[in-house]
Amino acid sequence: MFAKVLDKEGLRGKKRRRVQALLDRFFLYYGQGTLPEHKRQLMEDPYYDQMIDALWDYNYGPWVKEMIEKTKYSGRKLEVSW
C-alpha cells in the first residue's frame, strides 16, 4: 500500500528505499508495542521528515507522526492507575 504512495510522491532510488525501510521499522515497532522505546531512533533518522512529508496528504503522515511522537507507554509494560 505505501509503495504506491511513495511512487505517487515521486520517491525514487536510495531515498525511496530509505523511507520504505523507515516505514518498515515503524510498523515493526508499532506491532511489537515498542514505539516509545524507539521514538528517538525513528525521529533522528535522516529520512524521518521526508517520510512524514511523503505520507502527509494521504492522512498517513499525521497518524505516523502522532504515533511516534505522542505514544508514551510501551505495549510490553502494564500500567495500573488508581
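FYI, it's all coordinate maths here, none of it is from the lab. Please read these numbers as outputs of a predicted model, since none were measured by experiment. Methodologically, a virtual Cβ is constructed for each residue, glycine included, from the backbone with ideal geometry; neighbour enumeration extends over all protein chains shown.
Here is how the numbers come out for the structure above:
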| read-out | value |
| --- | --- |
| Single residue of segment 47-68 satisfying the filter (outside any loop (DSSP other than H, G, I, E, B) and of a type in the set (Phe, Trp, Tyr)) that is farthest from the chain's Cα centre (by Cα) | Trp56 |
| Close pairs (8 angstrom Cβ cut-off, 6 or more residues apart or separate chains): in a helix (DSSP H, G or I) in segment 24-46, among the acidic types (Asp, Glu) anywhere | Tyr29/Glu37; Lys39/Glu69; Met43/Glu69 |
| Members of segment 1-23 found to be among the charged types (D, E, K, R), in a helix (DSSP H, G or I) and over 18 Å from Trp63 (Cβ atoms), listed by number | Asp7, Lys14, Lys15, Arg16, Arg17, Arg18 |
